[in-house]
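Enquirer: Structure below; questions to follow.
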Amino acid sequence: MQNESAEKDRDLIDIHQRMVKAMTYRDKKRSQLNRQEIEFRARLSTIGQLINQGDKLNLIINSLQKEMNNLIYEYEHACESRNYMGI
């Protein structure tokens, strides 16, 4: 009976050690997952900022393109007017 009790105690200690190892592994993986999630959210934020910046730059480019087209039209109109007057 004592041998049986000692064997059960050793089994209990072994199970407890395996449980502690499993919990440590679980906690380590949770920590790693949390770090990766934080990094993922930071990268998503950066991507969003870059997309917004790209949209702003596209608006500026389109505005300058329109202004350039207007200047070309005015220049051509001025040249035609000059040629028409014979200067």
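Enquirer: For LEU33, indicate whether it is of a type outside the set (Gly, Ala, Ser), under 35 Å from the mean Cα position of the chain (by Cα) and part of a helix (DSSP H, G or I).
Expert: Criteria met by LEU33.
Enquirer: Next question. How do the pairs read when you match residues in the range 3-29 that are surrounded by 10 or more Cβ atoms within 10 Å (Cβ to Cβ) with residues anywhere that are not in a helix (DSSP H, G or I), using Cβ under 7 Å and keeping only pairs 6 or more apart or on different chains?
Expert: From residues that are surrounded by 10 or more Cβ atoms within 10 Å (Cβ to Cβ), there are no pairs.
Every read-out reported here was derived from the displayed coordinates using simple, explicitly stated rules and does not represent laboratory data. Keep in mind the model is a prediction, meaning the values are calculated, not measured. All Cβ positions, glycine included, derive from the backbone under ideal geometry; neighbour counts span all protein chains shown.
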